[in-house]
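Input: a single structure, listed below in structure tokens.
The values are calculated or read from the model by the stated rules, or taken from the named source; none is laboratory data. Because the structure is predicted, anything quoted here is derived from the model rather than measured. FYI the Cβ positions are ideal-geometry reconstructions off the backbone, even for glycines, and counts take in every protein chain you see.
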Amino acid sequence: MLPSRNLPIEILSRIGGKQLTVIHLPNGDSMTAYDGASGWTSAPNRPVREIPAVEVASAKPEVDLQLPLHIKQLFNEVKTAGTEKIGDRDSYVVAGINSGEIAAKFYFDKESGYLLRILRYTKSPLGRNPTQIDYADFRRLNGLKVPFRKTIARPNSRLTLQIEDAKFNVPVDETKFARPAAAPTPARPSS
């Protein structure tokens, strides 16, 4: 197991499924952005890369600030799927279904109603690829309970985000979500 590292991170979100995550690495910023319809990612010393459409679609519930209002628009069918334990908490499970398959499951704490987990699936050449997002450390902020810890687990990685400071209604420039222009290709010397 790799040792854990603490890195500064910024997450900017806007209504419309827009989210920019910037991880400040020692050698430059790693960025992932969704603009509501598409997405891109970049890393230090690497070109900007488009996020495949199936991954963008799979991530929509995670980046939508108005998920409760849009859940029925994101899935062909939404239905209850029983109860499960998340840690020591009992939760209600709600399944979002597309094309007859469960595309995502949402786990709501029976007592508080808080969203404790999203388990979403992305289709890949190897089958359905799960991403599990766990929410914890709920704190009151501007009259709302907000999760200050988010753990993202995929088959090959696990990342825990511990939020130190969160702000609502901060103006975010729309251009932050736009894909950056590709770096110019260096000219080749003529022979």
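Quick notes on this one:
- Within the range 1-53, tally of residues that are of a type in the set (S, T, N, Q), farther than 17 Å from Ala178 by Cβ and surrounded by fewer than 16 Cβ atoms within 10 Å (Cβ to Cβ): 4
Conditions (1) touching a residue at least 40 places away in the same chain (Cβ under 8 Å); (2) under 23 Å from Ser124 (Cα atoms); (3) assigned to a loop (DSSP other than H, G, I, E, B); (4) out of contact with any strand residue (DSSP E or B) (no Cβ under 6 Å at 6 or more places or on another chain), marked per residue:
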| residue | (1), (2), (3), (4) |
| --- | --- |
| Arg5 | no, no, yes, yes |
| Glu10 | no, no, no, no |
| Asp29 | no, no, no, no |
| Ala37 | no, yes, yes, yes |
| Pro47 | yes, yes, yes, yes |
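- The set of residues from the range 69-88 being assigned to a helix (DSSP H, G or I) and either touching a residue at least 40 places away in the same chain (Cβ under 8 Å) or touching a strand residue (DSSP E or B) at 6+ places or on another chain (Cβ under 9 Å) (or both) comprises Ile71, Lys72, Leu74.
- Hey, Gly36 under 13 Å from the mean Cα position of the chain (by Cα) and at pLDDT below 90 or not: yes
- Residue satisfying condition, being in contact (Cβ under 8 Å) with a residue 24 or more places away in the chain and in contact with a Leu (Cβ under 6 Å, 6 or more places away or on another chain), within set Lys145, Lys110, Lys105: Lys105
Quick grid of which residues meet (1) under 24 Å from Gly36 (Cα atoms); (2) buried (at least 17 other Cβ atoms within 10 Å of the Cβ); (3) under 21 Å from the mean Cα position of the chain (by Cα); (4) aromatic (Phe, Trp, Tyr):
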{"position": "Leu69", "(1), (2), (3), (4)": "yes, no, yes, no"}
{"position": "Val93", "(1), (2), (3), (4)": "no, yes, yes, no"}
{"position": "Ala104", "(1), (2), (3), (4)": "yes, yes, yes, no"}
{"position": "Glu111", "(1), (2), (3), (4)": "no, no, no, no"}
{"position": "Leu116", "(1), (2), (3), (4)": "yes, yes, yes, no"}
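- Selection over the range 153-170 of residues that are surrounded by 12 or more Cβ atoms within 10 Å (Cβ to Cβ) and within 14 Å of Leu65 (Cβ to Cβ) gives a count of 1.
- Among the conditions (1) closer than 16 Å to Gln19 by Cβ; (2) among the polar types (S, T, N, Q); (3) surrounded by 15 or more Cβ atoms within 10 Å (Cβ to Cβ), the only one that Asn129 does not satisfy is (1).
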